[in-house]
1. What is the log10 of I(q)/I(0) for region 73-186, computed with the Debye formula using one identical point scatterer on each Cα and no solvent, at q = 0.11, 0.20, 0.22 Å⁻¹?
2. Out of the GluC sites (Glu not before Pro) in region 386-486, which ones are loop residues according to DSSP with at most 14 other C-beta atoms within 10 Å?
3. State in Å² the accessible area per residue of the chain; use a 1.4 Å probe, count heavy atoms of protein chains only, and round to the nearest integer.
4. I need to check one value: relative contact order of the chain, counting alpha carbon pairs closer than 8 Å and at least 6 residues apart, in percent.
5. Where in region 431-491 are there chymotrypsin sites (Phe, Trp or Tyr not before Pro) that are in a DSSP coil and have at most 13 other Cβ atoms within 10 angstrom of their Cβ?
6. Please compute the contact order of region 10-141 in relative form: average sequence separation of alpha-carbon pairs under 8 Å and at least six residues apart, divided by the residue count, as a percent.
7. For each pair in K221/K395; K116/K423; K234/K290, compute the distance between the two Cα atoms and list the pairs where it is over 25 Å.
8. Per DSSP helix of 4 or more residues, -39500 (n - 2.57); summed, then divided by the residues of the chain. What does that give at 222 nm, rounded to the nearest 500?
Amino acid sequence: MKKEKVFLVTTAIEEFWDTNKSIVFLGDWCLRYSRKEFWQTLNGKVVEGMWNNKQDFITAYDYLKGLYERLLSALSISMNEIHDEDHNLRYWRIIIGPWLFHYLSILYDRYLYIDKAISEYPRFDTIILSEKSFIIPENTIDFVQLVSEDAYNQQIFSKILVTKGYKGFDTKEFNIKLIEDMTNKSKCLYIKTIIKKIIYSIFSKVYSGKHVFMVSPYFPKNLVFKIILKSKGKVIPVFPEIKCGKTVQIDIQKRILLEKLSFEPKSEFEKLVLFFLPQDIPFCFVENFKMLKEEAMKEYPPNPKAILSWVNWYFHEKFKIWAANMSEKGVKLIGAQHGGNYGLDQYMWAMEHEIKITDKYYTWGWKYGEFEEKIKPLPSIILVGAKQRSCDTLKKRNLLYAIIAWPRYLYRMQYPTNNHLDKYYESMITFIKHLDTRIRELLKLRPFFKDFGGDVLERIHNANINIAFDSLSIPFQTSLDRCRLFICDQI
């Protein structure tokens, strides 16, 4: 325990730093690489990473899974009351589940870091965000994007400190906004989506009767048409929009009802969750829910035979509402694996969630003990019908290296966590540096579509590596066609 008074820095927003005092950084996320020359001069200490010990992670993960189930059960009752509905637990699991688990993961992580800092540096000062700047996310994807940025995390840390009874800190207003909205689509992509919708709506009219709807299918376009024709229109694709309408004002009465959850907190953290949740739950589940439900029932097919989806279970609010309503009518929900690590990672809530909410789940060749009865192993759906690519060394010379990036802040309890970002970037640069010069001249580096404040390009520039970059304006498949060897360091 340190006796001297320090200044606690909670995020990378330097307007909330007091550099005239001894600095303690709450986590590595405070230390932007692009500002290294500045913060190194402060000689600040950094609170040790929370999840370096795997057993600590396992204990937290198991605890959060149990808390999630308890809270979801209580929240389902309250949501029925707020919206004058009568739905089962599965219904609300489909709709609210993805946000709730992310929310609990994030809040617990931030809470533990604050607790650790307080225990190590009990005499501290800081600057917190003014309540005037607090915001409520619109929907699940809005929330997940916000928690990858500094400003919203400044809000979370500020609320935790105040709720724990710390007062007297200076406050500062700050405009919380998304640096990049991942839901924004280019005009070209928007037009393509509209054309797809028109074409497939024609198919659904030509082929009458009940259909199995594939929502945002992961198949190549040519294979989608083959499926439609071979099934004689019994399987039809659907392309939902991810965006939701914005709310004008908060419904205080509905949020007051959420303060009366039939949930018995068992710790200080759970009391904090109970206090925060009515303030933080996105508009799409409270003020906008009725409107979104009405829109979903109009936009989506009214009488499907089954619904098949890959990733829409997370961020497509209207799709989730439609799927949940159809499930209560007896419509079968079918899920399918859409990424790596599924079936391999022992601690992967996302995989368990997808399997739990669906009636049948298609995997890339594996089964999972607890849910074995509903799992059907298949080849990788993404690779079905995939184009064969040659590595003709006479026509193709380039090597393509695609790198990854993660948010600096933990956004979901999943192992491995993002505790070792700097080590990843160092390893990537070391790998490139040790390539033979002739090979490096052929290498094209494709950065991730979002940097998350990792300052990857600046790291590479400062490492004095002479390397070409692959433009993100070129489709990945096109770049893949042009290379003789693809290097991937992610799973």
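1. At q = 0.11, 0.20, 0.22 Å⁻¹ the computed log10 ratios are -0.49, -1.13, -1.21.
2. Answer by residue number: E441.
3. Details: 24240 Å² over 491 residues.
Per residue, the chain has an accessible area of 49 Å².
4. Values: 693 pairs, mean separation 78.4, N = 491.
The normalised contact order for the chain reaches 16 percent.
5. On the way: sites: F431, F448, F449, F452, F469, F476, F486; in loops: F448, F449, F452.
Qualifying residues, ordered by number: F449.
6. Numbers: 78 pairs, mean separation 34.3, N = 132.
Reported as a whole number, the value is 26 percent.
7. Numbers: K221/K395 27 Å; K116/K423 23 Å; K234/K290 31 Å.
Those over the limit are K221/K395; K234/K290.
8. Numbers: 17 runs with 204 residues, N = 491.
Taking each H run of at least 4 residues, the total per residue is -13000 deg cm²/dmol.
The values are calculated or read from the model by the stated rules, or taken from the named source; none is laboratory data. Treat the numbers as computed from the prediction; the structure is a model and nothing was measured. Glycine also receives a Cβ, built like all others from the backbone with ideal geometry; neighbour counts cover every protein chain displayed. What goes into the accessible areas is simple: the full protein's heavy atoms, side chains included, and nothing from ligands, DNA or RNA. Shrake-Rupley method; radii C 1.70, N 1.55, O 1.52, S 1.80 Å.
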